[in-house]
Every structure is written in structure tokens, then in C-alpha cells.
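Worksheet for the structure shown next.
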Amino acid sequence: RGMRLGADDLKSGWVCFSERRWGNSCERQGAMSNDGEDSRASGWNRRFIEEQFSKEMADRLRQVLMDIWRKDQPTLASERQEGERNTFLTRWQLGLAALYAEAENPEWASKLSEDEAKVAARHAPIELNGLPLWMENLVSVHVNAVDVTLGEELNWELEQDSGVRGHSTLLQSINSAPYTVAKVFLPRLRAWLDEGGGIPGDSTNLAGTTALLRQVIGTLLKHGNEDMHAYLLVVALRRLNDDLPIELVFVWLPTLMRIDPELGISALEDQIRAIEPAERSEAVTWFSVLFWDRHDAITLNAFTPQLLLRLLRLAYHHVRIEDDAAHEGSYTPDTRDDAESARNNIVKALFNSKGEEGWAVKLEMATDPACAHFKDRIIAVAEESWAQEIDSTAFDETQAVALDKTGEAPGSTNGAMFAILNDRLADLDDLLLSDSSPRDAWAGITEEKIMRREIARELKHASNGLYTVDQEAVTADEKETDIRLRSVVSHHEAVIELKLADGRSARDLRDTINNQLVKKYMAAESSRSGCLLVTLAKDRRWKHPDSGKSIGLRDLVSVLRDEAKRVEEAMGSSVSLVAHILDLRTRLPKENAHRSGEANSQAG
């Protein structure tokens, strides 16, 4: 009180201010070591000062600190003696706290000169576990000062003997910094790669080179834009064509897989194509390194279901089930165990794949001989996950409103449109059983184009706002007889191919499913739901298309449904098909004829 403190007094008092003495011992409490809500070691905590003293005292202390850091110039690691590069002076921490105090003003960086900005940048490496929070403000105004100061320091760290260091502390801090800060240093990392960085001079520094290369690439992948990723893709392909040590291949191949999974899998196939499957082959090592649960393992979420299936087949070819290790009790996992875990990770990723492609790939996986040992499990998982996806489909606003008003929501997937299609086919069956049934009128129709119009009209009446009925694909001569139910919220549609069974053979009807319905109308990705709709107006029998035996309607239905199932499986369940019969035959004898028969019986 009433005393004017000098800079030296403040430096000495700063230490005592953040300590509490208990008897002869001194326990550092770190009262000034956290910046409250930011939880970063800063040494400046205004709230604590105001609680212990006053706002006026906090303001005066901040002003004194702002004068202090400008008068000091911390040295960088490259400027210190070799044995002192991992040390720094305690007073530089006070300068770091002073910068946090000044950075309370969001415009603080704009008031700095170029030289002051360079001094501020020199304080940044003193921060533990990253760069200071105020670096974003400093970079936004004085990017050149930061680049000249810390960029040159980064170059120095990258040029050190990798066998000695193998790690850049500054690069680690840059990697964890926000993009606005990290992007300043990306050109220097790219230049390092262009100049041959990451290529070991000899085998003595291979481990260090590998570690540093992985660190550089990790930063470029995290903070680089699409152009930077394209650059890394080209470099990765070029390096993988060189005769690299396996340690460096294990860096560049994962890089390629992260940028372009398909190219990455192709490169992996090239690398292990000549390797004979064995319990502990080099390919086993590859899988243990690439896909095991390591901190730098490849994330399989970016792989499409088809790529995952391709990768799974490769895994089962080299990490064979019959070679799996059998353990009893406690054990220490080795490379073989890690490769088996990697294979299991790929299986889990496939099980977790979503959408229609995920469903199709699971079924294709179930038919693969390599997966025969758990085929039933695959099918069960596929059915369960598909049911969950349908139940948990998120509706947009239009679908939600429709669901609220009508009890149904328009379909936005092929699966949803197939469900709507089956529901409307059931509605047609109910219509034929109703009091206002058009059965007799429809039974008298002998032309498919007229029958198509009648059925299309009923489907339109039953649309409930979910779809439109489209017949525009019909040609001018009316040879195309398909009906399309188009969703009102997406491009997805369900296709109906109509045939009158009264004058057609069983073979003709069966072949229509694949040759006409699927090949002609269901090629588009949004048209993978289809129906062969057959009407029958009179009693008749057919020849079985294979055996030639005489069959009735029930057996015809079985033939058509078996063919629909066969085509689905042949196409990897990428399409959904149904064969449906509209039976227009007279269900009961006419009432007058029935009564006339009774009268004749009584008369006799």
C-alpha cells in the first residue's frame, strides 16, 4: 500500500502471489496458472485478482505487465546451446502471462508494431501443450512476423538429424492449433517434402525419419484443403513406386488410403499380391499395422460398403481363419493377434454400413465362401440393421407434415417406395373384394393398355399424396405397358409391369421379370423397386416353363415369385421385386342362377 513496485519487485512477487506457505514448506497452488474458462496455462487470471483485491488493482497490474513483455526477448531453441534447448528462463513465463493480460482487448494485435509482433511470437513456444490462445489474433494482423519468427524455427527443427530427434515440438503445437494459425506453416511443410524431406540418408536414422514424416503428413492432412490433399495423393503414389523401406511404405500407403480409399486398396493389393498366405506372412503384418486399433490406424468409416467387402475378401485370403491363434488364460497379443483384430474391425465396419448399398453388400457377403462360417449371423445382422434403418428414417418437413395428415410419409428411398408399392397392391386386392368391386368390368378387358389405364386410375385415387402415377414412358404405339409410382419428395419410383395372363404362357410371364421389368425399367439407381402385376379373368392351366407339366394358378404364382427371388439374389439384392396376381375370375355363382337351381330341385 502506498508503494510503487518496480519490474524486479513484480517478478519476485509474481512467484509468491501464486504460492501458499504451510509451515516450512511451500505448496504451489497454481492460482494464477489457469485462465478460467479457457483452461489453458496462461498465468493470468483476472477474476482471481479482482476477487482477492479489486478491479482497479487488476487493471493496474495488467498495465505494468504490458510494459514488461516488450522489454524482454526470449530466445528460440535454435538460438540456444545444444544442452539448453529444452530449457527456458522463468521470467519468460511472466512475459507469456503479460501477453495473455494484454490480449484481453480483442484489438490488441492491431496496435503492435512489426518488431513487437516478432517479440510476441517468440513467447509462443513457452506455452505448454500447444500455442497460446492469442496466436489467432496475432496471425490475423501480423502473419509475416509470425512466419519469419516461428516459420524459420520450424524449418530448423525439420532440418535436424531425424535419427536424433524424430519429432518436432513446434510442429506438434501447430498441429493442435486452429486452422487459421496452422495454415501459415503449411507451405513450409510442403516445401520440405518437395526438397526430399522424409527420405532417410541411411538406415541409422530411419526410425526418426519415419516418425517426423508421419508428423508432417498428419498436419497436412488435418489442416490442408482439397488442393493440399491432391498434392499429397500425387506424392504418395510417386513415393510408393520407389524402392522404399517398409517403414516408410507404412506411412505413405495409409496416407493414400485416407485421401482415396479405392486407390489405397488397389495399392495394398499390389503390395501383397505375390505373398503366399501363411500364419505370419508379411501380409498379416500389413493388416496388423493398417487396420488394428492404433491411434494412427485407418478409419474405415470413409470406405464405401463395396470397398469394405473388397478389403474383407483380401483380409480373409491372407489372415485365414484356420491360422487363428488359440489362447488360454492371459497372454500378450502379437502381430498375428493384431491382424485378427484388424480383420474383425473390417467385419464390424461392414455390419455397420447403412443404406441400400450396405444391405446389398451384407447379402453378397453372406454368399461369399470365405464367410460361410458365419453366414447365418450375417443375414441376421443385415435384416436387423435394415429394419432399424426403416424404423428410424428421419423425415424432412414435407414428409413429417404428410405423416401427420395422412398417417403415411412419402418415400425417399427405394426401400420406402417398395413398401408403398406392396401396400397399394394389397389395396387393389381389397378393392376387388369390396361391394363396389370393378371385378366384372375388369374381367371383360382384353387389351393390356386399357387394363393399365384402369389400374393406374385406382392407384392414383389411392396415392394419398405420397406419389404421382406416371405413364409418360409409354411409347406412341402403346407397346410399353409399365406404370410408375413416383415419389413426391425424391426421384425414387416403383415400376409396375402389367400382363394379362389369359393369353400368355408361363414362360413368357416368368421371363418378363428379368428381360423386361428389370432390364428395361429398373436400371436407374432410383428405380430399384418393381412388380410384375398379372391379371387373370378366366379359368385356365399353363405348362411349367421347365418341366412342361400342367400347372394351375397357385403353381404359377410360385413360379413367378421364385423367379423374382432368383433375380434379386443374382443382382446382389440391389433390386426389390414382387410378383402379384389380380384374380378377376367370378368368385360366386350368380344369385338368380342359384335360386333357379333350387326351384328346379323342388319341382322335381
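The values are calculated or read from the model by the stated rules, or taken from the named source; none is laboratory data. Just so it is clear, the model here is predicted, and its values are computed rather than measured. Here the Cβ is made from the backbone with ideal geometry for all residues, glycine too, and neighbour counts use every protein chain on show. Note: accessible area is taken over every heavy atom of the protein model, side chains too, but ligands, DNA and RNA are not part of it. Shrake-Rupley method; radii C 1.70, N 1.55, O 1.52, S 1.80 Å.
Straight Cα distances below 16 angstrom link residue 354 to the lysines 362, with same-chain residues fewer than 8 positions distant left out.
The residue 71 and residue 221 beta-carbon pair, evaluated with R₀ = 51 Å, returns a calculated FRET efficiency of approximately 0.80. Peptides 251-257, 76-82, 572-578 ranked from most to least packed, by the mean per-residue count of other Cβ atoms within 10 Å: 251-257, 572-578, 76-82.
Note that region 284-324 presents 45 Å² accessible area per residue, ligands and nucleic acids not counted, probe 1.4 Å.
Within the accessible surface of region 157-265, defined with a 1.4 Å probe on protein heavy atoms only, the carbon and sulfur portion equals 50 percent. With a 1.4 Å probe rolled over the protein heavy atoms of all chains, the accessible area of 549, 449 falls in the order 549, 449, largest first. When 195, 328 are compared by accessible surface with a 1.4 Å probe, the order from highest to lowest is 328, 195.
Label sites at residue 440 and residue 87, each approximated as a point 7 angstrom past Cα along Cα to Cβ, lie 11.0 nm apart.
Spacing of the modelled spin labels on residue 55 and residue 502, each 7 Å from Cα toward Cβ, amounts to 9.4 nm. Accessible surface calculations at 1.4 Å, restricted to protein heavy atoms, place region 490-547 at 42 Å² per residue.
Measuring between alpha carbons in the structure, the pairs from 118/222; 111/183; 348/520; 460/565; 460/549 lying more than 31 angstrom apart are 348/520; 460/549. Summary of packing: across the peptides 85-92, 169-176, the per-residue average of other C-beta atoms within 10 Å ranks them, highest first, as 169-176, 85-92. In this structure residue 495 has an accessible area near 0 Å², from a 1.4 Å probe over the protein heavy atoms. Here r is the Cβ-Cβ distance between residue 278 and residue 326 and R0 is 25 Å; the resulting FRET efficiency, rounded to 0.05, is 0.90.
What is the gain in length, in nm to one decimal, between residue 525 and residue 540 on full extension, counting 0.36 nm per residue of separation less the C-alpha to C-alpha distance? Working shown, then result.
Numbers: separation 15, 0.36 × 15 = 5.40 nm, distance 3.80 nm.
Value of the extension gain: 1.6 nm.
On the basis of the beta-carbon distance and an R0 of 30 Å, residue 194 and residue 128 show a calculated FRET efficiency of 0.40. Largest accessible area first, the residues 75, 299, 219 order themselves as 299, 75, 219 under a 1.4 Å probe with ligands, DNA and RNA left out.
Probing with 1.4 Å while keeping every protein chain in the model, the per residue accessible area of region 129-271 equals 44 Å².
Within the assembled protein chains, the solvent-accessible surface assigned to residue 269 is about 40 Å², based on a 1.4 Å probe.
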